């Protein structure tokens, strides 16, 4: 089986307990990006959609709020030339089920993802998190559910909202998350591609038609929207920030100058909290920069991961 000329690892042979692993699941549309390496796995009381390809050192990709494995569609095959790459739909996102307790807090998501990785016997050498995905990866590293050699944050969202906005936003998000009205409304509005284009423009990124279509597909799913709202309602980064001083692995922060969702200045604030942190600045791209220029980011991630050995 190949994707863009890359030979896949034999997924069928990776798992000893085949009863709880479903290859190329029916839940995932036939035209979904990289569906040929999709599988469903039961762990942490839930059913997860993930994609895995390549051989070599293990590399974990964690998407941000409102995204799914599709966000890595251009990047993952390039990384798979050098790594055994795993990408996961977070609970409630894409084609993964919500957790049994419906919690979408940072401790719940990071703990459940840790259980999934243990189930897969997947111990990543490097972790790459985009936006809120960076917080999940760092929480796992700090809690020692994984033992990576380095973490890479792509436009990492690691600082909480402050001031009056936080006092207003959190209660509103909780209200919307607990009703069907808002997910239903968002799903209906997502039927108009122009609304999706406006949302993406608000991130500072310009995606091609395929990228726009993928986000439209996700936002038309009420279950996906409900999980996004629940995650936003329960997100608390204060404990993570308090713990960053004891992070003992290199943290590489990659920021885009045109990011309208996470200000590039956040990286400097976070880097000051970590003993070993670097900042790489990318010009001319937005919050979804890795989708805009996957080749550039594949080369960057490979370089940053290769530096681990020297440290």
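Throughout, read-outs are computed from the coordinates displayed, never taken from laboratory work. For clarity, every value in this text was computed on a predicted model and none was experimentally measured. Ideal geometry is used to build each Cβ from the backbone, glycine not excepted, and the neighbour counts take in all protein chains shown.
With Cα atoms as the point set, segment 24-161 shows a radius of gyration and Dmax of 13.6, 39 Å. Oblate is the label for segment 227-311. Its Cα gyration tensor axes, ordered a ≥ b ≥ c, give a/c of at least 1.5 and b/c at or above a/b. Put simply, when 199-205, 26-32, 251-257 are sorted by average Cβ atoms within 10 angstrom per residue, most first, you get 251-257, 199-205, 26-32.
The listed peptides 143-151, 240-248, ordered by packing as a protection proxy, come out as 143-151, 240-248 (highest mean of other Cβ atoms within 10 Å first). Each of residue 185 and residue 276 was given a label point 7 Å from its Cα along the Cα-to-Cβ line. The distance between the two points is 4.8 nm. Taking 0.36 nm per residue of separation and subtracting the Cα-Cα distance, full extension of the segment from residue 55 to residue 238 would add 62.2 nm.
Using C-alpha pairs below 8 Å separated by at least 6 residues, the relative contact order for segment 226-311 is 28 percent.
Extending 7 Å from the Cα toward the beta-carbon at both residue 193 and residue 101 defines two label points whose distance is 4.3 nm.
Based on C-alpha pairs under 8 angstrom that are at least 6 apart in sequence, segment 11-148 has a relative contact order of 24 percent. Here segment 256-278 is scanned for amide nitrogen atoms under 12 Å from the site 7 Å beyond the Cα of residue 245 along Cα-to-Cβ, giving 273-275.
Any idea how far the Cα center of segment 124-140 sits from the one of segment 46-73, in Å? Centre-to-centre (Cα) distance: 11 Å. Using a basic spin-label model with each label point 7 Å from the Cα along Cα→Cβ, how many nm lie between residue 296 and residue 283? Output for this residue pair reads 1.0 nm.
Students often check this: by mean Cβ neighbours within 10 Å, which of 71-78, 39-46 ranks highest, and how do the rest follow? Let's see the in-between values first.
Values: 71-78: 24.0, 39-46: 18.0.
Put in order of decreasing packing, that is 71-78, 39-46.
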